[in-house]
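What follows is one structure encoded as structure tokens, with my remarks underneath.
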Amino acid sequence: MKVCLRERYLTFNRILLLTIGLWPYQQSTLTQLQMVVLLSILITFIIFQFSRLIFVDYTYGFVLRMLSISSLFVLYVTKYISFWINIDAIKCTLERLQDVYNELTDKNEIAIYEEYGKLAKQYTIKFILVQASILSFAFVMESWPFIFDIVIPKNDTYTRHLINSLTSYYLIQEKYFFFVLLHMNAAHAVGSFILSGIGTLMISYVTYISGMFKIACFRLERAMAADTLQNIYLKNHFVTNKYIIGAVQIHRKATEFAEFLVYNFEKSVLFIIGTTVLCVSLNLYRMSQIEKPLEEIEEASTHFFIMFFVLLYMFVCNYVGQEIIDNNKKLFITAYNIPWYQAPLHVQKLILILLQKNYKPFALNFHGIFVASLECFATLVSASVSYFTIMISLQ
């Protein structure tokens, strides 16, 4: 019996998106209000950070320090608005992926599709665990001074060190310390749910598309299997034609789904890429400017984990993009290596169509500027380091 993909394999994605009001199947008035509130938390914190550049005397280092944190929140807001605008496209894609699953009749093909569904669920769980670990560490770093003041009291309180760190970082008065700390934590929590919820759902979609490429390979191999070829000699061409046409059809659907996602998100993705590169460069710069990391462990760990999480996010997105490239390439190799010469002429023509269609590598290509792949990830990291060296030289 067929199952509902979003109930079996997208459960955690649904919970995350419900938390931030972006689950496509639940868009009530209350949900719209929830989205406005969450977006307001992020935008007001960005405004607060940029306002420090207006109300205080700032230096080159202070500007880059504000940008290192604000760039992360700009990334959160961009992802949120982009998903919000394209929420109908997200719902449509999910329904089309479910339709593909419902159309599968071969138990082996169903097993392949469900295998990739489990893989998508594993990606989601691992990403959530990493994000939860980072948030937990941040909570511990903020809580330990208050705990130590109770357990091991002394004249110079531990809390004083935390207050001095935050007030000197943002150049604010001590009386605003708790307001800023509360606002910052709320914005970080909202942003983390946004990046985890949206990111893992998009990764799951791309994983399902990779599974469709795998099914196309399976159908092609099945079409040219020895027992199928024997049917050809018996003038029963139906089985072979069925599998090859099926391979072409599901391959076409996979490419259409991928192109549909690219079309809807290509504008925002280019801005997000620029923001992530800038975020990594700025936080790398801030880490290099901390003279005594052990004495300023709060600031050092903040910039380190921001950089680590953004790099991890970039890597996972490019890794699943590489999976699409590799699976499409496997289809080309499969079509090339099967004993096509043993098939009738009309079947050879069908295989030739597949070879011609897959001669050029298929990838998630955004305006020809960004192609999701491991090579592109290396390029983005290299660009981040290059901008970092420019910042150091301009110091």
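Of the residues that make up the range 282-299, is at least one within 23 Å of Leu195 (Cα to Cα), small (Gly, Ala, Ser) and assigned to a helix (DSSP H, G or I)?
There is no residue in the range 282-299 that is within 23 Å of Leu195 (Cα to Cα), small (Gly, Ala, Ser) and assigned to a helix (DSSP H, G or I).
Would you call Lys267 assigned to a helix (DSSP H, G or I), buried (at least 17 other Cβ atoms within 10 Å of the Cβ) and of a type in the set (D, E, K, R)?
no
Would you call Val130 surrounded by 15 or more Cβ atoms within 10 Å (Cβ to Cβ), within 30 Å of Glu299 (Cβ to Cβ), modelled with pLDDT of 85 or more and in contact with a helix residue (DSSP H, G or I) (Cβ under 8 Å, 6 or more places away or on another chain)?
So Val130 fits the description; yes.
Under 6 Å between Cβ atoms, at least 6 apart or on separate chains: pull out the pairs that start in the range 342-370 with a residue that is among the hydrophobic types (A, V, I, L, M, F, W, C) and end on any residue that is open to solvent by 30 Å² or more (accessible area, probe 1.4 Å) and modelled with pLDDT under 70.
Close Cβ pairs (under 6 Å, with a partner that is open to solvent by 30 Å² or more (accessible area, probe 1.4 Å) and modelled with pLDDT under 70) amount to Ile351/Trp340.
Determine if the range 98-105 includes at least one residue that is open to solvent by less than 60 Å² (accessible area, probe 1.4 Å) and not in a helix (DSSP H, G or I).
yes
Which of the numbered conditions does Asn86 fail, given that it passes all the others? Conditions: (1) over 19 Å from Thr31 (Cβ atoms); (2) surrounded by fewer than 20 Cβ atoms within 10 Å (Cβ to Cβ); (3) of a type outside the set (A, V, I, L, M).
Looking at each condition in turn, Asn86 falls short on (1).
Open to solvent by less than 60 Å² (accessible area, probe 1.4 Å) and modelled with pLDDT under 80, is that true of Pro145?
Considered against the rule, which asks whether it is open to solvent by less than 60 Å² (accessible area, probe 1.4 Å) and modelled with pLDDT under 80, Pro145 comes out as yes.
Please tell me if Gly191 is in a helix (DSSP H, G or I), under 29 Å from Arg96 (Cβ atoms) and either more than 36 Å from the chain's Cα centre (by Cα) or modelled with pLDDT of 80 or more (or both).
Against the criterion (in a helix (DSSP H, G or I), under 29 Å from Arg96 (Cβ atoms) and either more than 36 Å from the chain's Cα centre (by Cα) or modelled with pLDDT of 80 or more (or both)), Gly191 does not qualify.
The values are calculated or read from the model by the stated rules, or taken from the named source; none is laboratory data. These numbers were taken from a predicted model, which means no experiment stands behind them. Counting neighbours? That spans all protein chains shown, and the Cβs are built from the backbone with ideal geometry, glycine included. Side chains are part of the model used for accessible areas, which takes the heavy atoms of the whole protein and leaves out ligands, DNA and RNA. Shrake-Rupley method; radii C 1.70, N 1.55, O 1.52, S 1.80 Å.
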